[in-house]
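No lab work stands behind these numbers, since they all come straight from the coordinates. Nothing here was measured: the structure is a model prediction, and the numbers come from that model.
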Amino acid sequence: MKAILQSNTWWGAPKKFSTQNKERKVSWLELFYDLVYVIAIAKITGHFSENINIGGFLDYVYFFSIIYWSWLNGSLYHDLHESEGLRTKLMTLWQIMIVAALVITIDSNPDKIIFNITIALMAMQLFITYLWWSVGYYDKSHKKLNLPYTILYVFSFILMAFSLDLDQRYLRIGMFTSLILNILPPFYSGMVLKRKNIVLNLSSTMSERLGLFAIILFGEVMAGIVTGIGQFHEFTITIWLDFGIAVILVFSLWWIFFTLISDRLCKSGIIRSSVFELLYIPTLFALGLISMAFKGIFKEYDSGSVDFISLKEILGYSICLFLFCICLLSFLLKFSSQYIHLRKKVQITLAGISVGLFILTMLNFQVGITIYLLIILMILLLTIIILNLFWFAEQTENGNAEVV
């Protein structure tokens, strides 16, 4: 026992950066870790549904982004530095507790909600900062890479602390500035790696993790449909029809996303990988808004602030954003050379459908909820049909090709 304690094997220092597994199974600990983020996203989405205005929208963008940033840093740490010892488990537990505390503060006293949320965010910021600093402490060769993370994250923490005394008018400026500081480090590290001729790619495991996070949001959308339909005490044929159309609509979005994005690796380089990870923010953000819209749209079709936006418009614009983000993500994925022409067709199709749906939403035609959902579903089904026609046309050409 004494020998084990002295060896530090039980503690488990972070795995060195130079030690990379070719294939790594997503652990049960990581899946458990994801659960608290399900609750966090559901909570901030519910908060926005009660504050549909410009301020509420900006707060939702910020909270969603910072929660995703927290999840991403924890997931990347697992992917790059996970060890079998006690340390990884404890670090994950602490992060779960901090995110859970953030969720609790969202329902705190309105007079103290800003203060409470900021304190929770500072705790999260401090934890993520320590997470990456400690990697350099245990692995001296990693110091140059983790230094920009430590410095910029510390600046972000200090900015959060100063924001406690900021006037409400300037508070959001401080919030978004700290968010920008948090997303800059990978791009600096990318320049360092390039000078050293080191290529760091997004692993297949992290691609899977991003897909799993998307599944969480799709689950939220399905929960939104069930909640929205469940508000009725009597179920007519029309209500069941709305339910069926909505479920098929979400299934269509799922089909488009996972057919085009899943099981494909990101192009080489930390810069491309970082942009790819950041593009998931508006992609998943759109799913969160779709979930929120479905919770109320069946009963309050045109509800929302008169000066801002209705649930109908939130649904339409969110689907536009989701499809357009899939188009952007496809630029960063590896495709075999025989499918380069197909990729261009897919991108043009998705961009065109997004613009068309955006214009349709902006025109705000006065139709019932059933007809509106049916129109969107027909557009999505048409998109799937077109993409399948492109695919089958390409399949007529035989032969293998290099991945580019």
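In table form, for the structure just shown:
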quantity: 5 angstrom amide H check on Asn201, placed H, neighbours 5+ away; calculated: Gly269
quantity: Leu265 long-range amide H proximity, modeled H, under 5 Å; calculated: Lys334
quantity: Kirkwood Rh, Cα atoms: Rg over Rh of the range 38-146; calculated: 1.04
quantity: Phi-based couplings in Hz for the range 183-190 (Karplus 6.51, -1.76, 1.60; Gly and Pro marked x); calculated: 9, 7, x, x, 6, 5, 4, x
quantity: Rg over Rh, two decimals, the range 174-282 (C-alpha only, Kirkwood Rh); calculated: 1.17
quantity: 3J(HN,Hα) from dihedral phi, the range 98-114, Karplus parametrisation 6.51/-1.76/1.60, rounded to Hz, x for glycine, proline; calculated: 5, 5, 4, 5, 4, 4, 4, 5, 5, 9, 6, 3, x, 6, 10, 4, 5
quantity: Cα-Cα over 31 Å, subset of Lys43/Lys345; Lys43/Lys299; Lys43/Lys143; calculated: Lys43/Lys345; Lys43/Lys143
quantity: Per-residue ³J(HN,Hα) for the range 266-280, Karplus 6.51 cos²θ - 1.76 cosθ + 1.60, θ = phi - 60°, Hz, x for Gly and Pro; calculated: 6, 4, 5, x, 5, 5, 4, 4, 5, 4, 4, 5, 5, 5, 5
quantity: Three-way shape label, the range 61-111, alpha-carbon gyration tensor, a/c 1.5; calculated: oblate
